[in-house]
1. What's the total number of residues in region 119-166 that are in contact with a strand residue (DSSP E or B) (Cβ under 9 Å, 6 or more places away or on another chain) and on the phi > 0 side of the Ramachandran plot?
2. Any idea how many residues of region 311-341 are surrounded by 14 or more Cβ atoms within 10 Å (Cβ to Cβ) and either at positive phi or in contact with a Lys or Arg (Cβ under 8 Å, 6 or more places away or on another chain) (or both)?
3. Name the residues in region 104-125 that are more than 15 Å from the ligand (Cβ to nearest atom) and farther than 22 Å from Phe149 by Cβ, would you?
4. If Leu226 passes every condition in (1) outside any strand (DSSP E or B); (2) within 15 Å of the ligand (Cβ to nearest atom); (3) crowded, with 22+ Cβ neighbours inside 10 Å but one, which one does it miss?
5. Given Val39, Val65, which one is surrounded by 18 or more Cβ atoms within 10 Å (Cβ to Cβ), touching a helix residue (DSSP H, G or I) at 6+ places or on another chain (Cβ under 7 Å) and under 17 Å from Gly209 (Cβ atoms)?
6. Among the residues of region 70-91, which ones are on the phi < 0 side of the Ramachandran plot and surrounded by fewer than 19 Cβ atoms within 10 Å (Cβ to Cβ)?
7. Restricting the search to region 312-327, which residues are touching a Leu at 6+ places or on another chain (Cβ under 8 Å) and either within 16 Å of the ligand (Cβ to nearest atom) or among the polar types (S, T, N, Q) (or both)?
8. Looking at region 92-103 only, could you name the residues that are surrounded by fewer than 22 Cβ atoms within 10 Å (Cβ to Cβ), outside any loop (DSSP other than H, G, I, E, B) and within 14 Å of the ligand (Cβ to nearest atom)?
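The values are calculated or read from the model by the stated rules, or taken from the named source; none is laboratory data. All of these numbers come straight from a predicted model, not from anything done at the bench. Glycine also receives a Cβ, built like all others from the backbone with ideal geometry; neighbour counts cover every protein chain displayed.
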Amino acid sequence: MPSDTATTEDFLTKTNGEGTRPFVSFHKPLIGQEEIDEVVDTLRSGWLTTGPKTQKFEKAFAQYVGSEFAVAVNSCTAGLHLALAATNVGPEHEVITTPYTFAATAEVVLYTGAKPVLVDIERDGFNIDVNKIERAITPKTRAIIPVHFAGQPCDMEAILDIARRHNLTVIEDAAHAVAAEYHGKKIGTISPLTVFSFYATKNLTTGEGGMVTTNDRALADRVRSLSLHGLSRDAWKRYSKAGSWYYEILHLGYKYNLTDIQSAIGLHQLAKIEKFLDDRRRLVELYDQSLAELPEVMLPPHGTNGRHAWHLYVVRLRTDKLRISRDEVITKLAEQGIGTSVHFIPLHLHPFYRTTFGWAPGDFPNALRTYESAISLPLYPQMEPHDVRDRVVATLKQVIHENRR
Ligand SMILES: *Cc1c(COP(=O)(O)O)cnc(C)c1O
């Protein structure tokens, strides 16, 4: 990776008594010269918003995952909202999802007026416990939104089977799962609708952005129309030579389209996604090997459902073996120049959801226990093996050694 992509964070240093070492930030986007040149080309082309580059990005993305259709949107949140709108989820409905996710997954359900219903995660994993889904189904249930946490595919066969038997639709939150596969099939080809995120920290980024994939032409057309004010098809062409000034509004729509400036970045990120994943997997292997000897650290599950996209590397601490809490471990790592994060603060712990739905911390005990012990360690393609071994793991080992029970 050329050094010209270094950020100010690289130059933030921490003194730890042995001199100064660069801060290992939790995340850095990897933007190459190709992305920069393509953005400049777009800016000079005179076509800035949704247009030819977005069309090209959609085609390339559909081809990559193997879906019939792909519709670019300005965020995964927007895409999830449109997926629910396109399948007519409304105020009379309930939608099942997991507490172990980002706010977006539940708030889009509320945008439609429907009610999110949470199902706890597996005891020793991060994904929805498929054995508990059926208990949560009522006559109002209309859809299930599984989340492939960290890029590890959920048990889609079980979820699709439940959906078939109860006549529910499945919308995958694949924000972490670009390049993930479920038993040889790419995520994005399995459910009626799948939604990806290209947010700044995600495996493939356009700064902000998202993609909805489907094999159903009617759903694709509806999502596309809803993403641009409910206008008739290909309305974006109305300012091109091929277009006409005339358009019709067919539904209540939204303003969720992706710009060509963002698609210009996405085209080149997509071309590198397999290499990015290779790099991530090498770092994961190194983490697994070098952390294996620590009984205080539980390694993330690799899963048995197919190819993990390794968006995140989340370890869980056995805090019963430590004299300090998870929060204190995070503080000590930061003091030593290691950036970490926590994924996620479960939905049912947030004040808004607690007061709106009366959810209590103990309602989803697996999500609560996992959250209280989880730390996401830095994982991104331009990390070097020594960043993993000599910085992150060495520092975590030192913090654990000093604070063992
Ligand atoms: C990032 C994220 C989203 C939202 O993605 P945006 O593109 O920022 O809207 C949704 N779900 C999960 C699980 C995420 O991590």
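1. The number of residues fulfilling the criteria is 1.
2. Result for region 311-341: 9.
3. Of everything in region 104-125, those that are more than 15 Å from the ligand (Cβ to nearest atom) and farther than 22 Å from Phe149 by Cβ turn out to be Thr112, Gly113, Ala114, Lys115.
4. Every condition holds for Leu226 apart from (2).
5. Going through Val39, Val65 in turn, just one is surrounded by 18 or more Cβ atoms within 10 Å (Cβ to Cβ), touching a helix residue (DSSP H, G or I) at 6+ places or on another chain (Cβ under 7 Å) and under 17 Å from Gly209 (Cβ atoms): Val39.
6. Those that are on the phi < 0 side of the Ramachandran plot and surrounded by fewer than 19 Cβ atoms within 10 Å (Cβ to Cβ): Gly90, Pro91.
7. First, pick out the residues of region 312-327 that are touching a Leu at 6+ places or on another chain (Cβ under 8 Å): 312-315, 326.
Within region 312-327, Leu312, Tyr313, Val314 qualify.
8. Ala103
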